[in-house]
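Taking it in order: structure first as structure tokens, then the write-up.
Every number in this text was worked out from the coordinates using simple rules, so none of it is lab data. Worth saying up front: this structure is predicted, and the values here are computed from it rather than measured. Neighbour counts run over all protein chains shown; Cβ positions are idealised from the backbone, glycine included.
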Amino acid sequence: MSEAYRIVYRGGTGEITEKKSRFIATVIPIETEEEALSFIEQKKKQYWDASHNCSAYTLGLRHETARCSDDGEPQKTAGRPMLDVLLSEDIHNVCVVVTRYFGGTLLGTGGLVRAYQAATKAGLEASTIACKRCGIPVTVVTDYNCIGKLQYIVAQMELFTLETLYTDIVTLTVLTTEETSSGFIKKVTEATSGKADITVQNPVWFIIADDKPVFFPV
């Protein structure tokens, strides 16, 4: 697996007004370039009467695919400033379209750059940004005498319990990370005097949203 990176979990829409021009930024998460291009075309059809529908998107852990469009605005006054916001915020797999309704007053080159960047930031602020990271589920099988100790360790390390099964024994599955898995296993081993059966499962990708883990395909 790889290091953590920031993504858009839920897209959003933000809007600013600059000298009577409206700038509407719509943000969505994407997984492919085809999704980005389809979304851009969708926004152009939705806002067919707008002056411009400028866009920017980035894909990959290293922003391997990064594209932008000024859609008729002066060169490098819209798409590139929008993309710069995505890159500076280090958000991956995201597409943003900023729709402009001209208000009758020219903004100038600097004014356009500031407006498109501000709109992009407003769109991101209206979205849910999360850190996608590698998780390592660890299953612990022990007797009832140790369950209190295990629950204490989980709470102390601020980990998430994914499942607890009570039969003649207790089976507890806990979500750890690459940074916390070894420490958790060590604490469990010490707390149970080495009697617990500990199984490290395959890594998963996850984010924390609404105070709980949400998983993604590996």
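Values computed for the structure shown
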| item | result |
| --- | --- |
| On Cα atoms only, tilt of 33-46 relative to the major axis of the chain in degrees | 50 degrees |
| Spatially close lysines, pair count over region 116-218: Cα under 27 Å, gap of eight or more or interchain | 13 |
| Virtual spin-label span in nm between residue 165 and residue 33, 7 Å along Cα→Cβ | 4.5 nm |
| 3J(HN,Hα) from dihedral phi, region 50-65, Karplus parametrisation 6.51/-1.76/1.60, rounded to Hz, x for glycine, proline | 7, 5, 8, 10, 8, 9, 7, 8, 9, 9, x, 5, 10, 6, 4, 10 |
| In order through region 176-193: 3J(HN,Hα) via Karplus (6.51 cos²θ - 1.76 cosθ + 1.60), integer Hz, x for Gly, Pro | 10, 10, 4, 7, 10, 4, 5, x, 5, 4, 4, 5, 5, 4, 5, 5, 9, 6 |
| Amide H contacts under 5 Å for residue 70, placed H, 5+ residues apart | 79 |
| Where only alpha carbons of the chain are counted, the Rg and the Dmax (Å) | 23.4, 76 |
| Phi to ³J(HN,Hα) by Karplus 6.51 cos²θ - 1.76 cosθ + 1.60 over region 8-18, Hz, x for Gly, Pro | 8, 7, 10, x, x, 10, x, 9, 10, 10, 10 |
| At 0.692 mPa s and 37 °C, Stokes diffusion of region 38-84 via Kirkwood alpha-carbon radius, µm² per second | 290 µm²/s |
| Residue 21 long-range amide H proximity, modeled H, under 5 Å | 103 |
| Length added when fully stretched, residue 147-residue 6, from 0.36 nm per residue minus Cα-Cα | 47.3 nm |
| Size of charge dipole - the chain - debye, nearest 20, with Cβ of Lys, Arg +1 and Asp, Glu -1, no other charges | 660 debye |
| Percent RCO, i.e. relative contact order, over region 1-119, from Cα pairs under 8 Å lying at least 6 residues apart | 36 percent |
